[in-house]
1. Using the alpha-carbon atoms, what tilt in degrees (0 to 90, nearest 10) does helix 394-404 show relative to the longest principal axis of the chain?
2. Rg to Rh ratio, the range 3-92, alpha-carbon atoms and Kirkwood radius?
3. Would you mind telling me which residue in 34, 85, 326 has the biggest mean-square fluctuation in a Gaussian network model of the chain, where springs connect alpha carbons within a distance under 10 angstrom?
4. Once the Cα atoms of the range 303-386 are picked out, what are the Rg and Dmax in Å?
5. Please give the length that would be gained between residue 416 and residue 19 if that part of the chain were fully extended, namely 0.36 nm times their separation in residues minus their C-alpha to C-alpha distance (nm, one decimal).
6. I want to check the label-to-label distance for residue 255 and residue 184. Put each point 7 Å from Cα in the C-beta direction and report it in nm to one decimal.
7. If I take R0 = 51 Å and measure r between the Cβ atoms of residue 174 and residue 218 in this structure, what FRET efficiency does the formula 1/(1 + (r/R0)^6) give, to the nearest 0.05?
8. How far, in nm, would the chain grow between residue 389 and residue 8 when pulled straight, counting 0.36 nm per residue and subtracting the alpha carbon separation?
Ligand SMILES: Nc1ncnc2c1ncn2[C@@H]1O[C@H](COP(=O)(O)OP(=O)(O)O)[C@@H](O)[C@H]1O
Ligand SMILES: [Mg+2]
C-alpha cells in the first residue's frame, strides 16, 4: 500500500474514534445532568430533553468533524507548499540547465540556468515546443527519447544545442524519464555548457599535432638541406657551363624549383627551431624600417605603393630577438605583397594600446582572405597559393614568434577590400633603479 492510502486510513480511523468519544462524552454528561436535576421530571419534559441531547450531540459532532477535516487539509496544503518550494529551490539551484518536456516536446519546466544558457525566459518557452534543438540534431533527440522510453536513461553525452540568438554550441547532456503521479510521462533534460572544455581539447590536440609535425619537419628538413644545396650548386654550374643554349631554359626552371624547395626547407627549420631565443630591447620602428628597406625592390617591380607611419612607436622598445622580429614583419609584408595586384598599396601603422602595448598594423588592399579560410590561416601548411608559391608556414611561424614575445596576432578582413594584420607586443620600460624590465 502506498503512503497516501496509509495516511488516509489513519485519518478516517482517528476521525471515527474521536467522534465516538465526543458522542460518548455528550451522553455521559447528559446522563449526569438528568440524574442530578431531572430525576422527578415528567415524561414529556424528559422527551424534550432527549431531543435536545440528540441535536446537541449531532451539532458537536459536526463541528468537531469539520474542524478535524479542515485542520488536516491545512496541514496537507502546508506540506505540499513546502515540498513545492523545496522542489523549486532544487530546480533553480541546479547547476545544469533543466528542461522538462513531454512526448510532443512541449516544455513544462524551465529553470534559471536554462534561461541563462539558452537566453529564452521561462514564460517564452512554457507550453511551447522545445526551441533549443538545432535541426540537424532533431533525429538524434528522437532516437535518445526512444531509448529513455525503454527505461534506459541517457547520461552525459556530448551534443549540440542552440540559443535564442541562433548560436549552436556544445553541451553535455543527460536525459531521464519523469513520470507524474497522474501517470503523465515527461523527459527531464539536464544540459551543461562545455564550449570551453571542447575548445581546450581542440587546442591540446592541435598542440600535440604541432609538436609531432615539428619533430617530423625538423628531421626531414635537416636531411634535405645539404643535398638540396649541393644539387642547386651543381645546376647553377651546369647552367653557366652550358654552351649550347638548348638546355638553359630547362636548367633555369630546375634551379627556380630547387630554390623554392630550399626556401621551404628553411621555413620548416625555422618553424621547428628549438634554439634559445636571445631577447634584447629592440627599437620597433628601426626594426620595421630595416625590413621595409629590404622589401623595396619587389615593391618597385610590382609598382606598389607603401605608406609607413611609425610615429607612435618612436623611441619605443620591445624585448625581443632581433632576427625573429625581422622574420615576423617580413612574413606579414611578403603576404601583403603576394595579395596585392599591380599598383596596389600596403600600409604600416602603429598605435599604443592599453596596458603598455604597441599595436602594429599591416594593411593591404589585396585579394583579402575568404571567411572560410580565416580560421585556418595559422595552421602549418595551410596555403591558398599555387604549388611552388606558398609553403603555408609563414603565419604559423609568425604566430610562434609573437607568442614567444608575449604578444598576440590576428588577421582581419579589411572593411572594404584587403586584409589587416594586427600584431600586439608588450613594450619594454627601463626601471628607475637601473635594472630593465618589460612593461
Ligand atoms: N595579407 C593577406 N591577404 C590575403 N590572404 C592572406 C594574407 N596573409 C595571409 N593570407 C592567407 O593565409 C594563407 C597562409 O599564409 P602563410 O602562412 O603565410 O602561408 P603562404 O603565404 O605560404 O601561403 C595564405 O595562403 C593566404 O591565403
Ligand atoms: Mg606567407
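1. Once rounded, one gets 70 degrees.
2. 1.29
3. Of 34, 85, 326, the Gaussian network model singles out 34 as fluctuating most.
4. My reading of the Cα-based Rg and Dmax gives 14.6, 41 Å.
5. Numbers: separation 397, 0.36 × 397 = 142.92 nm, distance 9.10 nm.
Result for the pair: 133.8 nm of gain on full extension.
6. Taking the simple label geometry, residue 255 and residue 184 are separated by 8.6 nm.
7. Rounded to the nearest 0.05, the efficiency is 0.65.
8. 128.5 nm
We did not get these values from a lab; they are worked out from the coordinates using the rules stated. The shown structure was predicted, so the numbers you read here are calculated from the model rather than taken from an experiment. Backbone-built Cβ (ideal geometry, glycine too); neighbour counts: all protein chains shown.
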